[in-house]
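Values quoted throughout were computed directly from the atomic coordinates according to the rules given, and no laboratory measurement underlies them. This is a predicted model, so every value here is computed, not measured. Every residue, glycine among them, receives a Cβ derived from its backbone with ideal geometry; neighbour counts consider all protein chains shown.
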Amino acid sequence: MNNPLLSIIKTGIITQKDLFPDLTDDAIGLPSLTSTPCRSADCMKCVSACPTRAITVDDDLVTLDRGSCLGCNQCVAACPSGTIVADRSTKTAVRTRKELVISNQVKPVTTSAPTKLPFQRSLHVREVATGDNACDLEVIASTNAIFDIARFGIHFVASPRFADALLLTGPVGRAMQEPLRRCYDAMAEPRLVIAAGVSAISGGLHGGGYAEANGVDSILPVSAYIPGDPPHPWSIIHGLMLAMGRLE
């Protein structure tokens, strides 16, 4: 029988100590905007490249909805002016939907942390998957030894009756809307909902279709949004800690 202590001594500690590090150069994150003027009059390449119409251009004003962005970075490759650039940050979660809409000319909207939240020390989470396996795998990865989400007092539970928060993935099609409401109703107050991934936020590629898979916003109140397709495990942890009130 292997000695666990001896195994730890031999392999060392693999858990990342630095919280929310930037992505490496070989990883693809979300795009962001700079104050560099846009060549909108003779360009519009970013608008044509975006598969979810997350970018709009009006003269020199460029607006990017990261809640609809797949993170394909085709807009970054297409932009000749440097207005749209790659963002390596894993601190991507926000508290409100409007904070995901950014511009090259308007200062980002930020909201203050809620006061007197009861979840700052621990959070019990029930994940509800409605059709985004990639996001589900990143949620699972957040529990491994590298990220070790449990060290922040965040634990996953099997029943909504034991949960403080719903971590939602997937676009929430028509067939999943009523089960999701029942899951939410089974939770005790106070309770949180965290939308993880572009599908849960806006429906992503599924948005506007016959299945009414437009995300969770119109169904349940959301406490934090984690953009990306799928979001990085650090971004998922960032969103959960933001909803807990542990981060500014």
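General observations
- What the Cα atoms of the chain give is an Rg and a Dmax of 19.2, 70 Å.
- Residues of type lysines that LYS91 reaches as a straight line, Cα spacing below 16 Å, ignoring anything fewer than 8 places off in the same chain: LYS17
- Choice from ASP18, ASP60, ASP148 with maximal GNM fluctuation in the chain (Cα, 10 Å cutoff): ASP18
- A simple spin-label model places pseudo-atoms 7 Å from Cα toward Cβ; at ARG182 and PHE162 they are separated by 2.0 nm.
- Expressed to the nearest 5 percent, the antiparallel share of DSSP beta bridges inside the chain is 45 percent.
- Angle of helix 174-185 to the longest C-alpha principal axis of the chain, folded into 0 to 90 degrees and rounded to 10: 50°.
- Mean Cβ count within 10 Å, highest first, over the residues of peptides 29-38, 226-235: 226-235, 29-38
- Scanning residues 5 or more positions from ASN104 or on other chains, those with amide H under 5 Å from its amide H are VAL62, with H placed 1.01 Å from N in the peptide plane.
- Gain on full extension, evaluated as 0.36 nm per residue between SER103 and ASP26 minus their Cα-Cα distance, stands at 25.1 nm.
- Overall, the anisotropy analysis places region 123-244 in the oblate class: the square-rooted eigenvalues a ≥ b ≥ c of its C-alpha gyration tensor yield a/c not less than 1.5, with a/b not exceeding b/c.
- For ALA224, the residues whose modelled amide H falls within less than 5 Å of its own, excluding neighbours fewer than 5 places apart on the same chain, are VAL193, ALA195.
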